[in-house]
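Here the structure comes first, spelled out in structure tokens, and everything after it is commentary.
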Amino acid sequence: MITFASVSLIYPNSTKTVLENLSLTIDEGEFVLVIGPTGSGKSSLLRLINGLVPHHTGGILAGDISVDGISTQTVKPGGLAHLIGIVGQNPVNGFVTDTVEEELAFGMESLNIAPDVMRKRVEEILDLMSLAPLRERSLATLSGGEQQRVAIGSALVMHPKVLVLDEPTSALDPIAAEEVLSILHRLVHDLGLTVIVAEHRLERVIQFADRIVHIDGSGNARVGTPAQIMSDSDIAPPIVHLARALGLEDVGLTVRDMRRMSEQIRGGSYSHSIEKLVTPNKTVIEISDLSLSFSSKSVLKDIDIEICAGEVIALMGRNGAGKSSLLKTIVGLHEATSGTVSVLGNNPLTISGSKRRETIGFIPQEPSDLLYGQSVIMECQQADVDNEIAEGTTFELLNELVPGISPHTHPRDLSEGQRLALALSVALSAKPKVLILDEPTRGLDYQAKSHLVSTLLRYARILGRTVILATHDVELVAELATRVIFLADGDCVADGKTLDVLLSSPAFAPQVAKVMSPQPWLTVKDVINALQVNQ
């Protein structure tokens, strides 16, 4: 179905190749997973399949890519629209209409498909992607995860032979992610759809993959089965690292396999002391009877929360539960319909100027909204000036999170993960007393995520700052958070220690917790510590 013949790619002004002499054949009905570090070229590989690279992005391409016998060099991307559906990292960039139903129909209208066929396909996709309740909603009012489901639906409704997805689960809650991946898996096996997915959260998708393409960031790519690649890959889901840490002979790729292999270990008796304790400190944020409505639709309902200095709070819940709305109300971007929000004794709506930078740092779901410099180094230098800190401090922070970014690159040319790291570095350099992050791991590989965890823990514990993040990344929450607040339909339904909240929810439990149940362990580090203590 797809053939790469000695393909090499390099971008103008770049000092290294993205791909070097890659030869690969992807068969019809195959599920291929593309992995690699942040900024290694995964998105470029996906865009080569439909010709967006180099037709729209530029670059020097050697070799040939063909899809169903058609060379991407002989046709523009539009000429492959009937064959290939593509969903980018940021769904909003691909939307062209106003409502969900219109967006699903737009592609078919462009190909002049009969109205009765269009209507039938739209209804099928609304049901398949659980979008029926949203059919008349404005796309601008949807949560990030809901937008992602619409984007995937807009590609599937065209009945493509090949579906290309760039981080399709990054903004989805665990349940929605599992549903979407199960749908794709079913389409692969029932209809022979060819699916190519680039994804950082391997714990969600690796069990569905037939093969893996591992790009190392220096132009080289390895191709093999999941078991072959995971046997020695530094990029691996938590259960693979658990299998290595426990010295197991085989690499477990599913929770079921790992439970079978670790039965003797998890069946033992252990003393436990793994809770992340935070000594109650002075109150930083007080939320009292907070309610928020948009156009008579209730988004938040009677929220009462008190947050102290030094806490790392994870805000969790299904897509559309109200997490982003609560964060934006704390920041002062939304005015509460009723109730009050106080940040260090101030109404966030009235904080401005340098006092705002010192009080609240905020990274939205789309970090590009914060970036306006013409290059990475200009962005960092401006942050140094604004925050009155030593020159080079912000760029140094960026290099800690994601090493190797060229200082002369335009922020819009960075990958999603690199843009997030840049925006985070700018916010962190001001050392705000409260740091608020909305989906902070979109586009980040495991190594970058580990650096993020270390940075935020140091920020909270040593500097005594408060960190609040809305996330669907349960592995991040297990490593980082001291407390979890769970929202459902605008209500606060759980508020407690990370261990208690995550273990009480099978859907939101991390991989290690599922494998080692009934032992109360959330991470590989927890397991190793417990085994060492009880030797």
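The values are calculated or read from the model by the stated rules, or taken from the named source; none is laboratory data. From a predicted model like this one, the values you see are computed outputs, not experimental measurements. Positions of Cβ are backbone-derived with ideal geometry, glycine not excepted, and every protein chain shown enters the neighbour counts. These accessible areas exclude ligands, DNA and RNA; they are computed on the full protein's heavy atoms, side chains included. Shrake-Rupley method; radii C 1.70, N 1.55, O 1.52, S 1.80 Å.
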Worksheet item: Which entry in (i) 28.4; (ii) 24.4; (iii) 25.0 matches Kirkwood radius over Cα pairs in Å derived from the coordinates of this structure?
Response: (ii)
Discussion item. If I stretch the segment between S14 and M378 completely, what's the gain in nm (0.36 nm per residue apart, minus their alpha carbon distance), one decimal?
Written reply: 129.2 nm
Worksheet item: How far apart, in nm, are two points set 7 Å out from the Cα along the Cα-to-Cβ line at H408 and at V75?
Response: 3.8 nm
Response to the item:
At R0 = 25 Å the Cβ-Cβ FRET efficiency linking E286 and T141, nearest 0.05, sits at 0.30
Item to complete: Measure off, as a whole percent, the carbon and sulfur share of the 1.4 Å-probe accessible area of the chain, all protein chains present.
Response: 49 percent
Worksheet item: Which value in deg cm²/dmol, rounded to the nearest 500, describes the helix-derived mean residue ellipticity at 222 nm for the chain, given -39,500 (n - 2.57) per DSSP H run of n ≥ 4 and division by the residue count?
Response: -10000 deg cm²/dmol
Worksheet entry | Cα-based reach from K355 at 21 Å (exclusive), listing lysines while leaving out same-chain residues under 8 positions away | K282, K328, K431, K433
Discussion item. Quick check for you: with a 1.4 Å probe and neighbouring chains kept, what is the accessible area per residue of the range 1-65, in Å²?
Written reply: 39 Å²
Discussion item. What does the extension gain come out to for I113 and R259, with contour length at 0.36 nm per residue minus their alpha carbon separation?
Written reply: 47.6 nm
Fill in: Cross-link table K323/K514; K120/K297; K297/K323, entries beyond 18 Å C-alpha to C-alpha
K323/K514; K120/K297
Item to complete: Work out how much length D369 to T3 would gain on full extension: take 0.36 nm times their residue separation and subtract the Cα-Cα distance, in nm to one decimal.
Response: 128.0 nm
